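The values are calculated or read from the model by the stated rules, or taken from the named source; none is laboratory data. Keep in mind it's a predicted model, so treat the numbers as computed, not measured. FYI the Cβ positions are ideal-geometry reconstructions off the backbone, even for glycines, and counts take in every protein chain you see. Accessible surface is based on the protein model in full, side chains and every heavy atom, while ligands, DNA and RNA are left aside. Shrake-Rupley method; radii C 1.70, N 1.55, O 1.52, S 1.80 Å.
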Amino acid sequence: MTTHQENDVNARTPAAQQTHATPQSTTAPGLSRRGLLLGTAAAALAAGPLAATAARAATAVAAAARTPKVLVIGLDGTMLTRIKDSGAPNLAALMAGGLTAASSLYTSPMAGTSSGPGWSTIATGVWPDKHNVRDNNFTAPAFAGYPDFLTRVETANPALSTYVVASWAPIADTIYSGRVDTRVATPSAEYDTGTTSRAVARLRDGNPDAVFVQLDNVDHAGHSSGSASQAYLDAIRGVDAQVGQILTAVRGRAGYAQEDWLVMITADHGHTPTGGHGGSTWEERQTFVIANGSAFPAGSVRYDVRMVDIAPTALAHLGIAADPAWGLDGTPIPALVPDDFDALRPQLTGRVDETGIPAGVLGFTRTAPAGWSVDNSAMGTGGVTEWRGWSFTTDEFWTKAQRDQNRELNVRSRNVFAVADSDEWADKTFQGNYDSTLVSPEYPVAGRSSVPVAFNTFYRPEGVQTARVLAVWDGGTPVEVKSYTADTNGRQRLDLAVPAGASRLRLRFRYTGSNNWYWVVDNVRVG
């Protein structure tokens, strides 16, 4: 393998001091609004659901006979809401022809909302508490244990051709390893114009199988003018034209008809309206995934996709199955399965007692999904309505209740999740203690000697607070099978021994406290 490094771009300083090379304008034409890969499935959508379903099935069969290829384009510091405001035609076509999903980031102490952690998370498919990039200094990255997805491609199939080109040098120099066939850090004098021309040349004249491209100018505009500015919208339209050039190179390939291209667009972080990032505001924590290819229905929108899903989605498209030993936090997007809590999204309502959450944000309900219930028989009275016992909420609603109390670190929950938050409950006059139990449906276990149980947990302890998982066999006495006494943030797996003759299992998640912290549970799977 050969590695080409043209590294004249300096690593970024912290956000407050961050500077970029002067951007150069582009006037390249974009694609039409029909997009890159609308194909038969999109055309059939207007004919009704049966025609659309049949068309998607036919498209999937046809795609299976073609050579899979992956193109990931990163638009530094770009916000999905502002893409939509800008009227960028090429990005709009990709959204119309595929999947659009907003995603949100962590904050410190996991990592700042800066480029180093953002691009590392996208490349590796794990959150910063695993890859250990906390800022733009790359002090002690754990890339040996959690390599970038192109390195995993090379490990699985060295015959595949991999390529990285980036306007921000650390992406090519540090995040993606030397095992990638070609890595190019564009000279600063060329900036995004040079990055685009190199990507176009490689896609047009070469035969790459997996490509990562990073364009930087939107971030430059965000720092200099803010995300609420006209300059920021102009920068989005500028990179949109460059995206159009890159997609035109893909469509113009001699073998394009025999290729199955997956195109994904994403960003490493957002920007404040006045400019800057690195902090914990909702605007700084914003990113997104646009995915266009044979696996994604035209015009689809999801709420359970996270930026860590990009790497495993790319690998799956290339036929590389993720090994559980890799410890990826992401999942191939087509393989994501909504859980029971996600079904509550249409029922979510706005604030009641909370004052920090904007009135228009719909994000909580205390009504459990079908089969689930909440036992508040031992619960104190009063307190903040939204958090009186286990509630079901979203990242936006919960984190806006109170910033910078580590709620932003709940990165492993998706869409709607369950939370018991005695801290927020106690922000209004109350009596008694917080004591609430989330009760699952009954699961059949007859004839089994053991049953696997898995769920995501984000637990922050304080004082006399307790968090206990209890098993109830055939309606009997609850038996503790797990308890938490320390900070926990990850997927939990239990292997429960089934008592002789037992046929039914119910789980109880009991949380107690008194103006302490919180416990999150999500994606509960049994069997």
Residue, most open to solvent (accessible area, probe 1.4 Å), within segment 401-411, restricted to residues that are over 20 Å from Leu362 (Cβ atoms) and among the aliphatic types (A, V, I, L, M): Leu409
Residue check, Ala231 small (Gly, Ala, Ser), part of a helix (DSSP H, G or I), over 22 Å from Gly252 (Cβ atoms) and free of Cβ contacts under 8 Å to residues at least 40 places away in the same chain: yes
Does segment 107-115 contain any residue that is closer than 20 Å to Asp148 by Cα, part of a helix (DSSP H, G or I) and in contact (Cβ under 8 Å) with a residue 24 or more places away in the chain? yes
Residues that are assigned to a loop (DSSP other than H, G, I, E, B) and under 18 Å from Ser413 (Cβ atoms), drawn from segment 328-356: Leu328, Asp329, Gly330, Thr331, Leu336, Val337, Pro338, Asp339, Leu348
When you go through (1) closer than 19 Å to Val218 by Cα; (2) open to solvent by less than 10 Å² (accessible area, probe 1.4 Å) one by one for Gly87, which number turns out not to apply? (2)
Given Thr281, Thr287, which one is touching a residue at least 40 places away in the same chain (Cβ under 8 Å), closer than 30 Å to Pro346 by Cβ, of a type in the set (Val, Ile, Thr) and surrounded by 23 or more Cβ atoms within 10 Å (Cβ to Cβ)? Thr287
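Do we have any residue at all in segment 382-392 that's touching a strand residue (DSSP E or B) at 6+ places or on another chain (Cβ under 7 Å), touching a residue at least 12 places away in the same chain (Cβ under 8 Å), farther than 20 Å from Arg525 by Cβ and surrounded by fewer than 15 Cβ atoms within 10 Å (Cβ to Cβ)?
Yes, there is a match, as at least one residue in segment 382-392 is touching a strand residue (DSSP E or B) at 6+ places or on another chain (Cβ under 7 Å), touching a residue at least 12 places away in the same chain (Cβ under 8 Å), farther than 20 Å from Arg525 by Cβ and surrounded by fewer than 15 Cβ atoms within 10 Å (Cβ to Cβ).
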Considering residues of segment 141-160 that are more than 24 Å from Phe458 (Cβ to Cβ) and hydrophobic (A, V, I, L, M, F, W, C) only, the residue farthest from the chain's Cα centre (by Cα): Ala159
Residues in segment 319-338 that are surrounded by fewer than 21 Cβ atoms within 10 Å (Cβ to Cβ) and in contact with a strand residue (DSSP E or B) (Cβ under 8 Å, 6 or more places away or on another chain): how many? 1
Those residues of segment 309-331 which are aliphatic (A, V, I, L, M) and within 17 Å of Val211 (Cα to Cα), in sequence order: Ile310, Ala311, Ala314, Leu315, Ala316, Leu318, Ile320
Could you tell me whether any residue of segment 60-67 is at pLDDT 55 or above, among the hydrophobic types (A, V, I, L, M, F, W, C), crowded, with 18+ Cβ neighbours inside 10 Å and within 27 Å of the chain's Cα centre (by Cα)? yes
Search result, residues across segment 294-311 that are out of contact with any Asp or Glu (no Cβ under 9 Å at 6 or more places or on another chain), at negative phi and open to solvent by 10 Å² or more (accessible area, probe 1.4 Å): Ala295, Phe296, Pro297, Ala298, Ser300, Val301, Arg302
Matching strands (runs of 3 or more DSSP E) fully within segment 412-527 where at least 2 residues are among the hydroxyl-bearing types (Ser, Thr, Tyr) and crowded, with 17+ Cβ neighbours inside 10 Å: 434-444, 450-460, 504-513
Segment 87-99 residues that are farther than 15 Å from Met264 by Cβ, paired with ones that are assigned to a helix (DSSP H, G or I) and open to solvent by 30 Å² or more (accessible area, probe 1.4 Å) (beta carbon under 7 Å, 6 or more apart): Ala88/Arg237
Restricted to segment 118-145, and to residues that are assigned to a helix (DSSP H, G or I) and charged (D, E, K, R), which residue is nearest to Ser280 (Cα to Cα)? Asp129
Among the residues of segment 349-389, which ones are within 25 Å of the chain's Cα centre (by Cα) and of a type outside the set (Gly, Ala, Ser)? Thr349, Ile357, Pro358, Val361, Leu362, Phe364, Thr365, Pro369
Extreme residue, farthest from Lys400 (Cα to Cα), among residues of segment 357-373 that are open to solvent by less than 40 Å² (accessible area, probe 1.4 Å), part of a loop (DSSP other than H, G, I, E, B) and free of Cβ contacts under 8 Å to residues at least 40 places away in the same chain: Pro369
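Can you tell me which residue among Ala314, Ala343 is surrounded by 15 or more Cβ atoms within 10 Å (Cβ to Cβ) and either touching a His at 6+ places or on another chain (Cβ under 7 Å) or in contact (Cβ under 8 Å) with a residue 24 or more places away in the chain (or both)?
Of Ala314, Ala343, the one residue that is surrounded by 15 or more Cβ atoms within 10 Å (Cβ to Cβ) and either touching a His at 6+ places or on another chain (Cβ under 7 Å) or in contact (Cβ under 8 Å) with a residue 24 or more places away in the chain (or both) is Ala314.
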